[in-house]
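To start, the structure under review is shown below, and the notes come after it.
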Amino acid sequence: MECNYESRLLMGEAWAIRDGTNVRFWVDRWVQGCGPLINDTARVVEPIVRGRMICEFVTDVGTWDYSLMEGYLSHTKLLYIALHRPPARDQGENSFYWTFEPTGNFFVKTAYCFLAQVGWAEEDRVWKSIWSCRGPQRVRTFLWLAAHARLLTNEHRARRQLTSSALCEGCSCGQETTLHALRDCSRAQAVWRRIVLQSCQHDFFIMPLQRWLKCNLSGSDDHWAATFGIAYWLLWNWRNNDLFEEGFMRPSDKCQAISRVVESWKVTGDSGRESAQLRKCWKCIGWQCPPGPN
Ligand SMILES: [Zn+2]
C-alpha cells in the first residue's frame with residue numbers, strides 16, 4: 001500500500017518548550033494537538049518571519065505576544081498556544097518528546113502499534129469501498145491490486161530491476177506510478193476530463209491514491225462507481241496493449257468505449273449472459289382441454 005510511514009511517525013514527534021531558543025514558531029511541531037502552525041494559517045507567513053524562534057513571540061514581561069500572531073492564526077489556535085507556558089531563559093533547553101507515550105520516550109512498540117492501528121483503519125475503509133462498489137468482479141479485483149500499488153507500472157518494474165527506466169513511456173513526463181498511469185498521464189487525463197464533472201475536477205486530480213479510490217467508489221451514485229471502476233480498468237488495459245501488443249489501436253472515442261462496457265455490464269452482470277431478472281417474463285397459463293377424438 002502506498003503510505004508514508006515516516007511522515008506518520010513524525011506526527012508523534014513534538015518539542016517541549018522551555019527557553020524557546022532553537023525551535024521555530026511557525027515551522028516546527030510544538031503546539032499540543034496541532035501540526036506545524038504554518039500549515040494552518042489564515043494568510044501566508046512571509047519568508048522573512050517564517051524562521052522566527054518561539055522565544056521571539058514573548059513580551060518583555062514574559063507573556064505570549066499575541067500581536068505577532070494576529071491575522072495569521074484562528075482564535076482556536078491562539079487558545080491552544082495559551083495552554084503552553086511562554087518560554088523563558090531560566091527554564092533550560094527545549095527537548096523532543098514522543099507524544100504517543102505518557103513518559104514522552106520513544107518506544108518501537110508504541111510506534112508499531114500506532115502505525116498498525118492507522119494502517120488497518122485506512123485499509124479497512126478502502127477494502128469496504130472496493131468490495132461494496134457496483135461493477136464487474138474482475139474490475140473490483142483490479143481495483144484492489146491498484147489500491148495496494150501491485151500494478152506493474154514502470155516505477156514498480158524499475159524498483160524490481162525489470163527495466164532500466166521508471167519513466168512513463170506514454171508521455172515521458174515523469175515516473176510511471178499507479179496514479180500517473182491511471183490518472184495523471186496526459187492520455188488518462190484526457191479521458192477523465194471528459195467524464196468527470198467540471199466542478200469536481202480540481203479535487204479529483206489532487207487526491208492521493210487511497211482517498212481518490214475511496215471517494216469515487218463509496219459515494220451514493222452506483223452508476224458513477226461502476227463507470228469509474230470500468231474506466232480505471234480499461235485505461236490500464238489500453239496502456240498494457242500499447243506496450244505489449246503490436247499494432248494495437250486505442251478506441252477513437254474512449255468515453256464511448258467506457259460507456260459501452262458499463263451498459264453491457266448493467267445488462268449482463270458478471271455472468272456475461274443475460275441476467276435471470278431480465279429473462280423473466282409473465283405468461284398467462286391455464287388448463288386447456290386436450291384434443292379428444294371427435
Ligand atoms: Zn505519462
**OP:** Can you list which of the trypsin sites (Lys or Arg not before Pro) found in region 146-194 are DSSP loop residues with at most 16 other C-beta atoms within 10 Å?
**Re:** 150, 160
Original post:
What dipole magnitude, in Debye to the nearest 20, does region 110-268 give about its Cα centre under +1 on Lys/Arg Cβ and -1 on Asp/Glu Cβ?
Top reply: 180 debye
Subject >> About the Cα centre, charge dipole magnitude for region 148-237 (Lys/Arg +1, Asp/Glu -1 at Cβ), debye >> reply: 200 debye
Original post:
Using +1 on the beta carbon of Lys and Arg, -1 on that of Asp and Glu, and nothing else charged, what's the dipole of region 34-92 about the Cα centre, debye to 20?
Top reply: 160 debye
Subject >> Sorted peptide list for 168-180, 202-214, criterion being average Cβ within 10 angstrom, highest first >> reply: 168-180, 202-214
**OP:** Pull up all non-local amide H partners of residue 53: gap of 5 or more, or a different chain, and H-to-H distance under 5 Å with H placed in the peptide plane.
**Re:** 25
Original post:
Length gain on complete extension for the stretch residue 255 to residue 127, per 0.36 nm per residue less the alpha carbon to alpha carbon distance?
Top reply: 43.4 nm
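Since every read-out is calculated from the coordinates, none of them should be taken as a lab result. As the structure is a computational prediction, the values presented were derived from the model and not from experiment. Glycine also receives a Cβ, built like all others from the backbone with ideal geometry; neighbour counts cover every protein chain displayed.
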